[in-house]
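**Student:** This structure is in structure tokens; I'll ask about it shortly.
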Amino acid sequence: MQAELLVEVTRGGEVESVHHGHIAVVNAAGEVVDGRGAPGLPVYPRSAAKMIQALPLVRSGAAAARHLGSEQLALSCASHNGALIHTKPVARWLAALELGEADLRCGPQMPDDRPAREGLIKTDESPCQFHNNCSGKHAGFLTLNSHLGGGPEYHEVDHPVQQAALAAWEDICDEATAGYGIDGCSAPNFRSSVTAMARAMAKFAVAAEGSAEQQLRDAMMAHPELVAGEGRACTEMMRAAKGKAAVKTGAEGYFTAILPEQGLGIALKVADGTTRAAECAMAALLVKYGVLDRNDPAVLKRWGPMTNRRNIEVGEVRPAF
């Protein structure tokens, strides 16, 4: 089965571009209740799986031992903009571990946050690893590493931290991973089917009170600004959902969602890796399952009219499924 048409982009009433991909929606019983394309296809979920990579941080007792709050748990799942609200808490978190920026292995990144980026340019400073969108995830890795007593190269696939992440990944997905690739932050990213990722998100949706899944899910919903940042789809959709969904983007057109009230997990992959298509498809699914209103600005921004530089409507981005 091939990828199916998910999103169309029109201009002048005609379809100008199309985006194909795969969707899986899974319920609490692990059953696929909605699907498109070939959701059994193993692909890299990239950062859409960060809540899975954070599971050992909580399950091991490391988070409790270090008295981590919901803000830190949200940052451990984040792909943030590198704004001060992101970099300062990560720096304080590592300082409490008696660690610093040099202990991170995610690499420096120019922040997407405009004030932070312009501040670096104006002062002729270089970005550091705190600005990396994955620095919160890596702070979580370092916290787990401190708890486990592992060596400094915690990002390597055979390190106890990453082996713990792999074990948690296969456990919650109910599926053996199909190898791994190295992510932009240097940590391994494991290949899993879209269906398996949706199954994992469904387990987050119906997780028991006090479980690692529930703590991470609720931290994301409580702090949408920490999970991504201003102007970002994750932040705006979670704010609009008002506690009804935790959503997480990943590079190359991946997106996941956790719907606690419906007991559903969603995962989707756009085959050509386009972010606009993944955001449109996820917005449409969140409307379909009653989490977001069709006319909410967070939806219209991703599923709605396109305007040109003179603010003239010239077409639209719309779901095709």
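**Student:** Under 29 Å Cα-Cα from LYS88, which lysines qualify once same-chain neighbours fewer than 8 residues away are excluded?
**Tutor:** Leaving aside lysines fewer than 8 places away in the same chain, those within reach of LYS88 are LYS50, LYS122, LYS137, LYS242, LYS244, LYS248.
**Student:** Measuring from label point to label point, each 7 Å out along Cα→Cβ, what is the LEU84 to ALA167 span in nm?
**Tutor:** In this crude label model, LEU84 to ALA167 measures out at 4.2 nm.
**Student:** Any chance you could run the full-extension gain for ALA176 through GLU16? It's 0.36 nm times the residue separation minus the Cα-Cα distance, nm to one decimal.
**Tutor:** Result for the pair: 53.7 nm of gain on full extension.
**Student:** Let me ask something else about it. FRET efficiency for ARG294 and LEU5, Cβ-Cβ distance as r, R0 = 22 Å, nearest 0.05?
**Tutor:** Efficiency computed from Cβ-Cβ geometry: 0.60.
**Student:** Summarise the long-distance tail of P(r) for the chain by giving the % of C-alpha pairs beyond 32 Å.
**Tutor:** Roughly 25 percent, once rounded to a whole number.
**Student:** Something else now. If packing is taken as the average count of other Cβ atoms within 10 Å, what order do 173-181, 262-270 fall into, highest mean first?
**Tutor:** Going by the mean number of other Cβ atoms within 10 Å, highest first, we get 262-270, 173-181.
**Student:** Quick one: net charge around LEU216, please, counting Lys, Arg +1 and Asp, Glu -1 for every other residue with C-beta under 14 Å from its C-beta.
**Tutor:** Within the 14 Å Cβ shell, the charges total +2.
**Student:** While we're here: Starting at the first residue of the stretch 138-152, write each ³J(HN,Hα) from the Karplus equation 6.51 cos²θ - 1.76 cosθ + 1.60 with θ = phi - 60°, in whole Hz, x for Gly and Pro.
**Tutor:** Working through the residues one at a time gives 6, 5, x, 4, 5, 5, 4, 4, 4, 5, 8, x, x, x, x Hz.
**Student:** Restricting to DSSP loop positions (anything but H, G, I, E, B) with no more than 15 other Cβ atoms inside 10 Å of their own Cβ, which GluC sites (Glu not before Pro) remain in the stretch 204-286?
**Tutor:** Sparse-neighbourhood loop GluC sites (Glu not before Pro): GLU209, GLU230, GLU261.
**Student:** Let me ask something else. Would you mind classifying the stretch 1-65 by shape? Square roots of the alpha carbon gyration tensor eigenvalues, ordered a ≥ b ≥ c; an a/c under 1.5 is rounded, otherwise it is prolate if a/b is larger than b/c and oblate if not.
**Tutor:** Prolate, because a/c is 1.5 or more and a/b exceeds b/c.
**Student:** Relative contact order for the stretch 199-309: what percent, with Cα pairs under 8 Å and sequence separation of 6 or more?
**Tutor:** Contact order relative to length: 23 percent.
**Student:** Taking the Cβ of PRO297 as the center, what net charge do the other residues with Cβ under 13 Å away carry, scoring Lys and Arg +1 and Asp and Glu -1?
**Tutor:** With Lys, Arg at +1 and Asp, Glu at -1, the net is +1.
**Student:** Roughly what would the spin-label model give for ASP124 and SER186, points 7 Å off Cα along C-beta, in nm?
**Tutor:** So the label points at ASP124 and SER186 sit 2.8 nm apart.
**Student:** Taking the Cβ of GLY181 as the centre, find all other residues whose Cβ is under 15 Å away and add up their charges (Lys, Arg: +1; Asp, Glu: -1).
**Tutor:** Residues near GLY181 contribute 0 overall.
**Student:** Next up: Are there cysteines in the chain with no other Cys C-beta under 4.7 Å, and if so, which?
**Tutor:** So, CYS77, CYS128, CYS173, CYS234, CYS280.
**Student:** With unit charges on the beta carbons (Lys and Arg positive, Asp and Glu negative) and the dipole taken about the Cα centre of the chain, which residue among SER193, ASN308, PRO115 sits farthest to the positive side?
**Tutor:** ASN308
Each value in this text was obtained by applying a stated rule to the coordinates, not by laboratory testing. None of these values were measured; they are calculated from a predicted model. Neighbour counts run over all protein chains shown; Cβ positions are idealised from the backbone, glycine included.
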